[in-house]
Each structure stands twice: as C-alpha cells, then as structure tokens.
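Here is the structure we will look at.
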Amino acid sequence: MNIALWILQVLVALAFIMAGYQHAFRQEHAKTQIKWIGDVPSGLATFIGVMEILGAEYSQH
C-alpha cells in the first residue's frame with residue numbers, strides 16, 4: 001500500500017509541475033488551452049504557476 005501511495009504522490013507532483021510550468025512560463029500557449037488564463041492578469045497567472053511548482057516540490061518532503 002505504501003508503494004502505491006508513493007507512486008500516486010509522485011504522479012500528482014508531476015501534474016502540478018507541468019501545470020505550474022504552463023501557467024508561469026508558457027502563458028501564450030496556455031491561453032489557447034485554458035480559458036481562465038486569458039481572463040486574469042499575467043502576473044497572477046505567473047504567481048499561480050510558481051505556487052503550483054513550489055507546492056509540488058514541498059509535497060515530496
């Protein structure tokens with residue numbers, strides 16, 4: 001059971017890292033795929049992306 005939870009935790013962290021990277025550093029590309037990115041200021045989208053990346057990093061500790 002512990003191994004399954006570790007695998008799930010790593011997969012969720014990877015999803016957060018990928019989403020955070022899109023929100024923080026590829027906003028123009030993300031605007032075509034994610035509607036709300038175009039509705040918020042770019043600074044807020046960058047902040048959300050960075051927080052997602054940090055959240056993924058700290059979930060591994």
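Details
- Filter result (exposed (fewer than 13 other Cβ atoms within 10 Å of the Cβ), in a helix (DSSP H, G or I) and modelled with pLDDT under 90) within segment 43-61: TYR58, SER59
- Counting the residues of segment 19-41 that are surrounded by 13 or more Cβ atoms within 10 Å (Cβ to Cβ) and in a helix (DSSP H, G or I) gives 12.
- All told, ILE7 falls short of being surrounded by 10 or more Cβ atoms within 10 Å (Cβ to Cβ) and either modelled with pLDDT under 90 or under 10 Å from the mean Cα position of the chain (by Cα) (or both).
- The set of residues from segment 11-33 being more than 9 Å from ALA56 (Cα to Cα) and aliphatic (A, V, I, L, M) comprises LEU11, MET18, ALA19, ALA24, ALA30.
The values are calculated or read from the model by the stated rules, or taken from the named source; none is laboratory data. Model, not experiment: these values are computed from the prediction. Cβ coordinates were reconstructed from backbone atoms using ideal geometry, including for glycine residues, and neighbour counts include every protein chain displayed.
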